[in-house]
1. Pick from region 296-317 the residues that are in contact with a helix residue (DSSP H, G or I) (Cβ under 6 Å, 6 or more places away or on another chain) and not in a helix (DSSP H, G or I): which of them is farthest from residue 274 (Cα to Cα)?
2. It is to be established whether one or more residues within region 166-177 are modelled with pLDDT under 95, of a type outside the set (D, E, K, R), in contact with a Cys (Cβ under 9 Å, 6 or more places away or on another chain) and crowded, with 19+ Cβ neighbours inside 10 Å.
3. Could you please find all residues in region 371-387 being modelled with pLDDT of 90 or more, crowded, with 24+ Cβ neighbours inside 10 Å and of a type in the set (Gly, Ala, Ser)?
4. Output the residues belonging to region 116-142 that are of a type in the set (D, E, K, R) and either within 26 Å of residue 76 (Cα to Cα) or in contact (Cβ under 8 Å) with a residue 60 or more places away in the chain (or both).
5. Among the residues of region 33-72, write down those that are among the aromatic types (Phe, Trp, Tyr) and under 22 Å from the mean Cα position of the chain (by Cα).
6. Just to check your reading of the model, which residue among 110, 84, 75 is in a helix (DSSP H, G or I), among the aromatic types (Phe, Trp, Tyr), buried (at least 22 other Cβ atoms within 10 Å of the Cβ) and more than 17 Å from the chain's Cα centre (by Cα)?
7. Considering 336, 296, 304, which residue is closer than 29 Å to residue 100 by Cβ, out of contact with any Gly (no Cβ under 7 Å at 6 or more places or on another chain) and not β-branched (Val, Ile, Thr)?
8. Evaluate region 28-46: report whether one residue or more is farther than 19 Å from residue 344 by Cα, in contact with a His (Cβ under 7 Å, 6 or more places away or on another chain) and assigned to a loop (DSSP other than H, G, I, E, B).
Amino acid sequence: MQIDFYGAAKTVTGSKHLITTPAGKRFLLDCGLFQGRLPDRDDLNRHFGFDPTTVDYVFLSHAHIDHSGLLPALYRSGFRGTIYCTPATRSLCELMLFDSAHIQQDDLEYINARRRHKGGPLLTPLYDIEDVQEVLNRFHTVEYNVYVKIDKEITLHFTDAGHLLGSAAVHVDIKTQAQTELKITYTGDIGRPNDPILRNPAPFRQPDILICESTYGNRLHPTAEKTEHTLLQIVHDVCVTNLGKLIIPAFSVDRTQELVYTLEKMFNSKLLPNIKIYVDSPLSVRATEVMKKHEECYNPEFLEYMHRHDPYPFAFSNLTYVSDVEQSKLLNTLHEPCIIISASGMAEAGRIKHHIKNNIENPNCAILLVGYCTPESLGGHLMAGNKTVRIFGEEYQVKARVIDLEYFSSHADYSEILSYLSCIDAGKVKQTYLVHGEYEAALQLKERMLDKGFRHIHIPALKETCTLDV
């Protein structure tokens with residue numbers, strides 16, 4: 001059996017792991033878009049490194065674009081297999097993949113106008129709306145903990161990963177030539193226990209092969225209580241003391257709703273200053289509607305909140321949702337303090353880039369980063385303390401305050417990863433691969449896992465092939 005790592009190998013983007021079974025079947029674990037500013041990003045997104053026509057199945061862990069965002073391009077390149085995921089992941093992919101196609105079109109119009117002016121070559125999108133529609137027709141949904149026999153060789157089931165609405169760890173059982181079963185577990189992205197919205201990550205059966213994320217393999221998150229106090233202090237400092245705007249890049253699904261949920265609790269407790277809060281993201285509005293349809297993903301406290309606020313959760317008097325483009329542009333002409341929450345979370349695409357561009361040189365304003373950003377992304381450059389950043393091809397001085405509050409990240413830290421893995425016998429795992437992490441993070445997680453009894457841990461490189469004797 002063979003595993004080829006075509007993404008999220010020594011980096012945190014572009015998840016794409018191709019497995020070839022003993023009988024010659026080929027399936028992908030995720031098919032994600034490379035995001036950020038990798039020097040070869042465009043080439044990696046346009047050239048898979050394998051022939052998509054030879055792929056029989058895709059087992060999709062969740063809907064985030066760095067895990068699902070190249071599925072329409074896979075279809076455009078000839079893939080005609082079946083994509084298996086949970087029902088909530090299918091619902092979110094319908095929103096997020098269409099949104100990704102629209103963002104590509106809008107951003108390229110802006111970028112190509114500049115290229116045309118300078119006489120440079122024009123860029124083309126990776127896929128279009130028609131490709132998204134066609135690939136969605138190839139989705140097949142599977143509920144959590146339901147075993148599905150894919151073919152004579154492969155059995156699949158999902159368990160809740162607690163990272164995003166519908167997110168799953170992927171468990172694949174493969175019959176070997178000796179008629180035994182090889183059990184593979186791919187964690188996808190591991191969520192956090194006691195998430196304010198989602199259920200805890202679920203325990204799972206013993207694997208022989210473990211493919212595990214390592215995003216925060218070298219970090220611990222602050223506590224919820226400390227974070228809420230810090231967030232409130234940031235709002236006071238920026239919006240009350242400095243009369244500035246607080247710009248928050250956030251993923252449209254879950255993170256935006258968690259921020260709004262947190263701010264609403266502060267507002268109802270009369271702790272929040274009397275300022276306007278704008279969620280500038282059409283996708284966030286539509287995602288909230290999708291969230292209402294998937295109660296199977298929520299913890300009991302949040303489920304009670306949803307029922308209590310039906311049909312209008314995530315809404316209070318100081319909060320305004322912005323969908324219209326012209327309304328979004330008007331936010332940049334406001335001269336009053338406010339909070340603007342907009343996608344994407346890494347500040348790499350969409351309306352958030354325009355908000356950052358229009359406020360980054362104002363020392364009274366602040367940019368609050370609330371989740372993981374790849375080092376190459378705009379959010380990563382800001383997090384690293386760069387004094388200048390490039391936005392839409394232009395250089396800008398970073399005069400606004402940049403604040404890192406990664407508690408709101410939906411990725412488990414190293415302690416939470418180890419706790420999640422404690423449901424299995426480390427000594428019985430024959431081989432572990434650490435993916436979806438910068439090398440230093442993966443290396444530190446490897447040392448911690450070795451201390452817990454795991455053996456044979458490997459950190460694969462991009463495009464590396466690993467062969468297993470089965």
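The values are calculated or read from the model by the stated rules, or taken from the named source; none is laboratory data. It should be emphasised that the depicted structure is a prediction, and the values quoted were computed from it without experimental measurement. FYI the Cβ positions are ideal-geometry reconstructions off the backbone, even for glycines, and counts take in every protein chain you see.
1. Top of the filtered list is 313.
2. No, every residue in region 166-177 fails to be modelled with pLDDT under 95, of a type outside the set (D, E, K, R), in contact with a Cys (Cβ under 9 Å, 6 or more places away or on another chain) and crowded, with 19+ Cβ neighbours inside 10 Å.
3. Looking only at region 371-387, we keep the residues that are modelled with pLDDT of 90 or more, and these are 378-387.
From what is left, the residues that are crowded, with 24+ Cβ neighbours inside 10 Å are 378-379.
Passing the criteria: only 379.
4. Once the filter is applied, which keeps residues that are of a type in the set (D, E, K, R) and either within 26 Å of residue 76 (Cα to Cα) or in contact (Cβ under 8 Å) with a residue 60 or more places away in the chain (or both), region 116-142 yields 128, 130, 131, 134, 138.
5. Within region 33-72, 34, 48, 57, 59 qualify.
6. Details: 110 fails: buried (at least 22 other Cβ atoms within 10 Å of the Cβ); 84 fails: in a helix (DSSP H, G or I).
Criteria check complete, one pass: 75.
7. Details: 336 fails: closer than 29 Å to residue 100 by Cβ; 304 fails: closer than 29 Å to residue 100 by Cβ.
Every option except 296 fails the conditions.
8. For region 28-46, residues farther than 19 Å from residue 344 by Cα, in contact with a His (Cβ under 7 Å, 6 or more places away or on another chain) and assigned to a loop (DSSP other than H, G, I, E, B): present.
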